[in-house]
Amino acid sequence: MELTAEIAAFRAGAGDPGRLVGEFRRAVLLVPRSGGSGDGEGGLMSALSGGIRWFYAFTDEGAMARFAEARGEADREWPYLAILGARLADAVVPEVDGPAGVAVNVADPEGSMMFPPVAGIVPDSCAVDIEPETGSAAGVA
């Protein structure tokens with residue numbers, strides 16, 4: 001099943017978290033590049049919310065176009081990087097100073113999904129639910 005179908009199944013209460021994360025990791029995602037919008041020249045477009053850096057990622061150009069439209073920026077060019085979800089989570093997220101996750105298809109109210117900085121999605125060294133000193137789940141003795 002592709003990522004958008006797995007997101008729909010999960011949102012409908014019939015999805016499996018493991019399959020959802022697996023599809024996210026296997027999916028080729030389109031990540032817009034920032035261009036002087038305050039996110040850093042040439043970096044990947046993201047937003048800071050609740051102390052977490054969220055990278056915007058889209059399953060196709062249509063989803064990214066809906067995001068551009070929602071921002072009132074559909075009239076400009078949207079350069080992007082095509083990257084596997086696994087590479088985004090395993091290589092890009094660790095480069096961020098602080099917790100980071102991935103927001104997929106954020107302009108699609110019924111098709112969006114957040115992949116937060118937790119164990120099983122991002123490397124344990126970046127997961128907010130892992131105690132750095134012990135390597136165990138936060139709050140668990």
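Only the coordinates and a few stated rules stand behind these numbers; no lab work does. Keep in mind the model is a prediction, meaning the values are calculated, not measured. All Cβ positions, glycine included, derive from the backbone under ideal geometry; neighbour counts span all protein chains shown.
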> With the dipole of the chain worked out from charges on the C-beta (+1 for Lys and Arg, -1 for Asp and Glu) around the Cα centre, which of 111, 86, 64 lies farthest toward the positive end?
Replying inline: 111
>> Taking amide H atoms as placed 1.01 Å from N in the peptide plane, list the residues 5 or more away in sequence, or in a different chain, whose amide H sits under 5 Å from that of residue 29.
In response: 83, 84, 85
> Sorted by average packing, counted as other Cβ atoms within 10 angstrom per residue and highest first, what order do 120-130, 70-80, 52-62 take?
Replying inline: 52-62, 120-130, 70-80
> What is the helix-to-structure angle for 17-26, meaning the angle in degrees between its Cα long axis and the longest Cα principal axis of the chain, kept from 0 to 90 and rounded to the nearest 10?
Replying inline: 50 degrees
> How big is D for the chain, in µm² s⁻¹ as a whole number, if Stokes-Einstein is applied with the Kirkwood radius of its Cα pairs at 37 °C and 0.692 mPa s?
Replying inline: 210 µm²/s
> Once label points are set 7 Å from the Cα along Cα→Cβ at both residue 124 and residue 12, what is their separation, rounded to one decimal in nm?
Replying inline: 3.6 nm
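Run through the DSSP bridge list for the chain and note the antiparallel percent, rounded to the nearest 5.
Just about 70 percent of them are antiparallel.
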> What are the residues whose amide H is under 5 Å from the amide H of residue 53, where those residues sit 5 or more places off or on another chain and H is modelled from the backbone?
Replying inline: 100, 101
>> Using only the alpha-carbon atoms, how far is helix 61-70 inclined from the longest principal axis of the chain? Give it as 0 to 90 degrees, nearest 10.
In response: 80 degrees
> Considering only the other residues whose Cβ falls under 11 Å of the Cβ of residue 106, what net charge follows from Lys and Arg at +1 and Asp and Glu at -1?
Replying inline: +1
> Applying the Karplus parametrisation 6.51 cos²θ - 1.76 cosθ + 1.60 with θ = phi - 60° to the phi angles of region 111-120, what ³J(HN,Hα) value in whole Hz is obtained for each residue in order, glycine and proline being reported as x?
Replying inline: x, 8, 7, 9, 10, x, x, 10, 4, x
